[in-house]
Structures are given as C-alpha cells and as structure tokens.
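The values are calculated or read from the model by the stated rules, or taken from the named source; none is laboratory data. Because the structure is a prediction, the values reported are computed rather than measured. Note that each Cβ is placed from the backbone with ideal geometry, even for glycine, and that neighbours are counted across all protein chains shown. Keep in mind that these areas ignore ligands, DNA and RNA; they rest on the heavy atoms of the full protein, side chains included. Shrake-Rupley method; radii C 1.70, N 1.55, O 1.52, S 1.80 Å.
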Amino acid sequence: MNMRSPPPAAPRDRRNRPMHDLRISITDRCNFRCVYCMPKTVFGRDYPFLPREELLTYEEIVRLARLFAAQGVCKVRLTGGEPLLRKDVERLIEQLATIPGLELTLTTNGSLLAARASSLRDAGLHRVTVSLDALDDDVFKRMNDADYPVARVLAGIEAAAACGLAPVKVNMVVKRGTNDNEILPMTRHFRGSGHILRFIEYMDAGNANAWQVKEVVPAGEVVRRIDAEFPLEAVDPNYEGEVAERWRYRDGGGEIGVIASVTQAFCSGCTRIRLSTDGKLYTCLFATSGHDLRSLLRGGAGDEQIADAIARIWQARDDRYSELRAAGAPAAQKIEMSYIGG
Ligand code: SF4
C-alpha cells in the first residue's frame, strides 16, 4: 500500500513534526495482564474499566479519522487493551477503509487472531502487529500473567500471513531477568519466516509497572546478542519517523527491528498521535493529560470546529519525553498505556 504524503496545509507541531500516525484505542479491556502494561496487582478483577456509553462509537471514530486524514494522517493503527475484544471490529474497519489513502493496521496479543484474520482482511485491514514476548509457555505466562498457550498466538500469526495481512510484525518486549533468555529462541524461530521480529526496550509507560532501568536490555545489547550467532547489518528506515531501527541478516534470512525508546530516544521524528477509548487526544505515549474531543462530538460541534481543535492541539505539541528521561527529568503521573493503546 503506497501511503500518500501529507497535504501541504497539514499542521506541524512546535518541533516541525507532521501528524502521520493515528493510534486509536477502541477498548481499555484486555484478556492478558502483561507485567509491563497492565499488571494484575493494579488491573485486578475489580478494576473500573470504562462503561460502554463512555466509549466512542464506531461512527464517532470514523468521523474523527476522516478529519485526521484531511490533516495529513496516512496511517491508522487500532489498539486497546486488546482490540479484538470489542464487538464487530470488522464493521469499524469496513468504514475506515472507505477513507482514501489510509493504511489500516491493528496491534493485537494474537490470542483471538487465528479465528478472525480473514474476516479482518476481508473488511479492509492491511497489516497486523502481534505482541509475543516468549516462545516458552512458562516465560510467556510470567510476562502476560494469563493462561494462553504460545501455540495459539503462533497460529494467529500464521493465519494472518496466510490471508495476506503480511508482513506480520511480531513485537517482543524484553525485560531483563524475566524473558531476555528468550531473545535467541525467538530469533531462531522467526528467522527466515518472512515475519519481522521487533525487540522493544522495556519502558516506564504509565505508572503501574514499577519500572526500573536495570530491567531494561538496551537495543544495542539485543543486536549484539543476535549478531554473535547471526551476523546482521543495518538497514535504512522505510519512512521518516519509523519507530523501529531496522537490521537484516547478512545471509538473507530476513530482518529484525529494535525499538529503543529508553536508550536511543526517537522523539525528534515522532509523528504519532493517540486517541483514547473515550475520545481524548494524547500527543505522547507518556502524556500526563489529554484533550477531550468526545464532548465536541456529542456537543454538536461541526467538522470544521473539531478539525480546528485537532490542528491547534497538534501545533501546540512539544512532547519529547524519552529525550527528557534520558536527560534525567523526573517521571510524572502518566496515562496508563492500556488506556491509550501503546
Ligand atoms: S516519548 Fe512521546 S514524543 Fe517521544 S517518541 Fe514516544 S510518543 Fe513520541
């Protein structure tokens, strides 16, 4: 899918970054309890998830997506929580697919994907990213605190590839002392498969995961570990602001990626904006507050008024949390990642 370049009048933020990727969280619920995102200690049985009437409807989401597309957004990523838990996602994708020039992607934990891959594809989805933090079931369970066999997620990945939702990107969050011993088994498994395995540095997203920098495995170390067994070479990014740093196997075995928010901040090229399940706009994954668009939608505001609000929010944006973290800035009370979709 060739993505169109942003229209000339597309707003730029205070660091001259265009708005390129809209990440839409369509539910704050999940069937996993990943320790780096939704630890059970905080997101237990009685956690007050958002009531249905507070969620944006699919019609509201599509209306907003149209307004974002008119301001340069070329890619929409559906996230959660776990987006496949929300009913009739295919109906939303069908509607989003009517917006010209938008790349439609979805990030999932893969537990429900095997049965849904082809209906998602038929609805108009272009690509899928699957989170998988280990191949070993015990380690997998230590990372996601849920009772799902790895085999189920692997079946989802194969089903997605088989129906054309390819290349499938597989995201592994690496936490030292918990699953870093799975870096090489995961590498061996996905090498030569056509899927793109990406290693994500464990981040201090939200406030619930009790993050410690000593549990971060720097991207450089991940690359060195793999390179020692399978020689790698660096590859140029596909486009400006691409999150993952690309590496390919020298022997043609495919490519991997590393996402180094902690040790190699990439805020200068960040073109992402996030819409929460209940219609708030966040200009950074590590934001402390958002901008309410739902009250505009439900308060009778016209498209122009909402479009102006979006442009003003983006033009006032100055976020660069990862750079500031690296410079030692103190952490603030951040929005939970499961609420704004990572
Ligand atoms: S920390 Fe914020 S500004 Fe920096 S790359 Fe992440 S989302 Fe973008």
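Pairs linking a residue in the stretch 220-234 that is over 15 Å from residue 251 (Cβ atoms) to a residue that is open to solvent by less than 60 Å² (accessible area, probe 1.4 Å) and part of a helix (DSSP H, G or I), with Cβ atoms under 7 Å and 6 or more positions apart or on different chains, are 222/183; 225/183; 225/184. Across the stretch 261-277, the number of residues qualifying as open to solvent by less than 10 Å² (accessible area, probe 1.4 Å) and more than 8 Å from the ligand (Cβ to nearest atom) comes to 5.
Entry remark, the stretch 297-338: residues being in contact (Cβ under 8 Å) with a residue 40 or more places away in the chain, open to solvent by 40 Å² or more (accessible area, probe 1.4 Å) and within 16 Å of the ligand (Cβ to nearest atom) number 10 in total. With respect to (1) in contact with a helix residue (DSSP H, G or I) (Cβ under 7 Å, 6 or more places away or on another chain); (2) open to solvent by 20 Å² or more (accessible area, probe 1.4 Å), the lone exception for residue 258 is condition (2). Filtering the stretch 241-276 to residues that are of a type outside the set (A, V, I, L, M) and free of Cβ contacts under 8 Å to residues at least 40 places away in the same chain leaves 242, 245, 246, 247, 248, 250, 251, 252. Taking the criterion of being open to solvent by less than 10 Å² (accessible area, probe 1.4 Å) and either under 21 Å from residue 18 (Cβ atoms) or not β-branched (Val, Ile, Thr) (or both), the residues of the stretch 70-98 that qualify are 72, 73, 74, 76, 78, 79, 80, 82, 83, 84, 92, 96. Tallying residues that are more than 9 Å from the ligand (Cβ to nearest atom) and farther than 21 Å from residue 307 by Cβ within the stretch 278-291 yields 2. Between 174, 258, 223, 243, the distinction of being outside any loop (DSSP other than H, G, I, E, B) and within 16 Å of the ligand (Cβ to nearest atom) belongs to 258 only.
Here 235, 243, 223 are screened, and the one residue that is within 16 Å of the chain's Cα centre (by Cα) and either surrounded by 15 or more Cβ atoms within 10 Å (Cβ to Cβ) or of a type in the set (A, V, I, L, M) (or both) is 243.
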